[in-house]
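To start, the structure under review is shown below, and the notes come after it.
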Amino acid sequence: MKHPTIPQLSEQIAAPIEAIASPQRVAILLAIGQGEACVCHLETALGWRQAYISQHLMALRKAGILEDRREGRYVFYRLKNTSYLDLITASAEVCGLSFETTFLLSNLQKNPSCECPHCSPAIVPVEQLKTA
């Protein structure tokens, strides 16, 4: 079995780095953190339009970095491998940012302006309460 060359290895290593290299994609991954987030949550957390976020989510999904699941009308995104957060944290440290600074920005939990099931309590119609 032939071992890969340095150029071959470097191409493999660079592929995921290239996929997350833009500041926008780093921001999305930080906003998702180790949990999951829907597009409306990302819109609220980042202040960007849905179409803009969706383009980046599609590229990250195509690159195999994100996976998604549907819950009713919401689609939730999560990292396939949370090691990407380690890569982002290491990059932040190289830039002189502390681990705490980066970690505090990630895993944004509930956002009061977001309407997704994770941020807003479910409103049960009165009819369902009467039958329960």
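Among the residues of the range 32-54, are any of a type in the set (D, E), at pLDDT 90 or above and either exposed (fewer than 13 other Cβ atoms within 10 Å of the Cβ) or not in a helix (DSSP H, G or I) (or both)?
Yes; the residues of the range 32-54 include at least one that is of a type in the set (D, E), at pLDDT 90 or above and either exposed (fewer than 13 other Cβ atoms within 10 Å of the Cβ) or not in a helix (DSSP H, G or I) (or both).
Give me the residue from the range 85-104 that is β-branched (V, I, T) and open to solvent by less than 70 Å² (accessible area, probe 1.4 Å) and, out of that set, farthest from A19 (Cα to Cα).
Among them, the one singled out is T101.
Does E71 qualify as being closer than 18 Å to T102 by Cα, modelled with pLDDT under 95 and of a type in the set (D, E, K, R)?
Judged against the criteria, E71 is not a match.
The values are calculated or read from the model by the stated rules, or taken from the named source; none is laboratory data. A quick note: this is a predicted structure, and the numbers were derived from the prediction, not measured. So basically every Cβ, Gly included, is an ideal-geometry build from the backbone, and we count neighbours across all protein chains shown. Heavy atoms of the whole protein, side chains included, go into the accessibility calculation; ligands, DNA and RNA do not. Shrake-Rupley method; radii C 1.70, N 1.55, O 1.52, S 1.80 Å.
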